[in-house]
1. Starting from 0.36 nm per residue, how many nanometres of slack lie between R187 and S219 once their C-alpha separation is accounted for?
2. Where nothing but the Cβ of Lys and Arg (+1) and of Asp and Glu (-1) is charged, how large is the charge dipole of the stretch 1-95 around its Cα centre, in debye to the nearest 20?
3. Using the scaling law 2.2 N^0.38 Å as the reference, what is the normalised Cα Rg of the stretch 58-142?
4. What per residue convex hull volume, in Å³, do the alpha-carbon atoms of the chain yield?
5. Roughly to the nearest percent, how much of the accessible area of the chain is carbon and sulfur, given a 1.4 Å probe?
6. Starting from the Cα of A122, step 7 Å along the direction of its Cβ; do the same at E106; then give the gap between the two resulting points in nm.
7. Please give the FRET efficiency for I5 paired with S172, using the beta carbon to beta carbon distance and R0 = 30 Å, rounded to the nearest 0.05.
8. Note down the relative contact order for the stretch 137-226 as a percent, whole number, built from C-alpha pairs under 8 angstrom at least six residues apart.
Amino acid sequence: MAAIIARGLTHGYGEGPVLRALDLEVAAGEVLFLMGPSGCGKTTLLTLIGALRSVQQGELTVLGHALHGVDDAARVASRRRTGFVFQHHNLHRSLTALQNVMVGLEARGQSRLPQAEAMCRAALASVGLAGFEARRQDKLSGGQRQRVAIARALVGGPQLLLADEPTGALDSTTGREVMAAMRSLARAQGTTLVIVTHDPRLHEAGDRVIAMEDGQIRSMRKEFAL
Ligand SMILES: Nc1ncnc2c1ncn2[C@@H]1O[C@H](COP(=O)(O)OP(=O)(O)OP(=O)(O)O)[C@@H](O)[C@H]1O
Ligand SMILES: [Mg+2]
């Protein structure tokens, strides 16, 4: 089954299209890396897949639900099934790690479950942060913060995780650790991952690496030369 199907996806902000009749298919459970030069449309594509923008032209189906020609309610429902990790995580500085992860569960409509806290603790443990539950966000290192962001994005088992330069602010060792944490949690939950990163050293963690250029998918390769 395909988690994402884009057909002829075209999108622009006024001055000519940024995405030009882009076609893409991502299998359920796949770990896909997306690369390409600055401004080629990677973030635009992620925000469309994540239902953070409406589709202008073409067809986009995510987790079996069409996102073209749908209303706000359908986009909200799609966002509930999706986790997001960005380079500059929007974690609350004054909340603890556990509270920040709970925010993710709230967004997924699951924070009132009796097992909600246990789910958040398990998510933190799976990214190597057992014991840090009560630590305030502003008392954590950059890598630890990003791992909290990953736990928040993946708690409650979203079927899809979209990550835009999730390790961009980290040194390479921490970046690799954060990537490994994201991948193992996603694998355990069967989550499809689409990750934008410029760092080719991280690509070995993926099933497939694709390159974008001029608003289209330019190449796909299974293996990436280091
Ligand atoms: N909200 C916006 N309003 C107007 N133009 C935008 C907007 N967002 C992106 N663009 C333009 O669309 C093009 C693609 O931007 P996008 O952010 O998708 O690129 P990107 O591949 O993610 O780049 P980077 O690697 O620098 O993050 C760029 O030319 C950018 O200036
Ligand atoms: Mg971008």
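1. On the way: separation 32, 0.36 × 32 = 11.52 nm, distance 2.48 nm.
Answer, rounded to one decimal: 9.0 nm.
2. Values: 9 positive and 7 negative charges, 67 e Å.
That gives a dipole near 320 debye.
3. Details: Rg = 15.6 Å, N = 85, 2.2 N^0.38 = 11.9 Å.
For the stretch 58-142, the normalised Cα radius of gyration comes out at 1.31.
4. Values: hull volume 27.3 nm³, N = 226.
Once divided by residue count, the hull of the chain is 121 Å³.
5. Working: 5030 of 10340 Å².
Heavy-atom surface of the chain belonging to carbon and sulfur, 1.4 Å probe: 49 percent.
6. 2.2
7. About 0.30, to the nearest 0.05.
8. On the way: 92 pairs, mean separation 22.7, N = 90.
Reported relative contact order: 25 percent.
The values are calculated or read from the model by the stated rules, or taken from the named source; none is laboratory data. Note that the structure is a prediction, hence the values are computed from the model and not measured. Here the Cβ is made from the backbone with ideal geometry for all residues, glycine too, and neighbour counts use every protein chain on show. Accessible surface is based on the protein model in full, side chains and every heavy atom, while ligands, DNA and RNA are left aside. Shrake-Rupley method; radii C 1.70, N 1.55, O 1.52, S 1.80 Å.
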